[in-house]
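Novice: Questions regarding the structure given below will be posed in turn.
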Amino acid sequence: MKRKVLGLLLFLLIVPLFMGCGQIATIGTVTIEIITTGDNPGTSEVEENYISKTMDVNFTEEDTLFTLLIDNFTVSCAAEDGGSDEACSYEGLYGHYLLTIDTLIPTETNEYITYNINGEYAMTGIDDTLPADGDVYSFAIGSF
């Protein structure tokens, strides 16, 4: 009888551990925006920039802004040789360097992809930015 009870208790302790393996709970939602330079053809107003794509994305405690971009957008990064790496497999000294996100493609040599967090210029790279519930990440073309 004792063996049956101990076996049942052990089963009840172990099964939930295995059932939860591989499942990481969502801890929040962020908004990611792509801001396009130019006039929005879908409106009658004249703009210099407009949000061409916006997406609400759920995240877990293991996510960074980089993983959210890779999982939800078409992204290419700089390769080790300076070319394009669609798999974003190369991580440089300062992390991944974004070349494109969806339709956001710098065309001039002095242009790059920049991003803001809640309207403020980001002070960390995409690899080091941990999502926070309710934050808005806006990506646009910048120039120097």
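Novice: What's the FRET efficiency of Thr107 with Glu45 using the Cβ-Cβ distance as r and R₀ = 25 Å, to the nearest 0.05?
Specialist: Step by step, r from the Cβ atoms, then E = 0.50.
Novice: Skipping prolines and chain starts, which residues have an amide H placed within reach, meaning under 5 Å, of the one on Ile113, given they are 5 or more residues away or on another chain?
Specialist: Amide H neighbours of Ile113: Gly142.
Novice: Quick one: Karplus J couplings for segment 115-131, per residue in order, coefficients 6.51, -1.76, 1.60, θ = phi - 60°, nearest Hz, x for Gly and Pro?
Specialist: 8, 10, 10, 6, x, 10, 4, 6, 9, 10, x, 5, 6, 9, 8, 8, x
Novice: Take the Cα pairs of segment 25-143, get the Kirkwood Rh, then feed it into Stokes-Einstein at 4 °C and 1.567 mPa s and tell me D in µm²/s. Write out the running numbers ahead of the final one.
Specialist: Working: Rh = 15.0 Å.
In µm²/s, the coefficient rounds to 87.
Novice: Points 7 angstrom from Cα along the Cβ direction at Ile70 and Lys53: gap in nanometres?
Specialist: So the label points at Ile70 and Lys53 sit 1.8 nm apart.
Novice: A follow-up question, please. Between Asp81 and Asp127, what is the spin-label point distance in nm, taking each point 7 Å from the Cα along the Cα→C-beta axis?
Specialist: Calculated label separation equals 2.1 nm.
Novice: Tell me, in nm to one decimal, what length is gained between Thr26 and Tyr94 on full extension, where the rule is 0.36 nm per residue of separation less the Cα-Cα distance? Don't skip to the answer; put the middle values down first.
Specialist: On the way: separation 68, 0.36 × 68 = 24.48 nm, distance 2.77 nm.
Contour length minus the Cα-Cα distance gives 21.7 nm.
Laboratory data are not the source of any read-out in this text; all were calculated from the coordinates shown. Computed from a predicted structure; not experimentally measured. Every residue, glycine among them, receives a Cβ derived from its backbone with ideal geometry; neighbour counts consider all protein chains shown.
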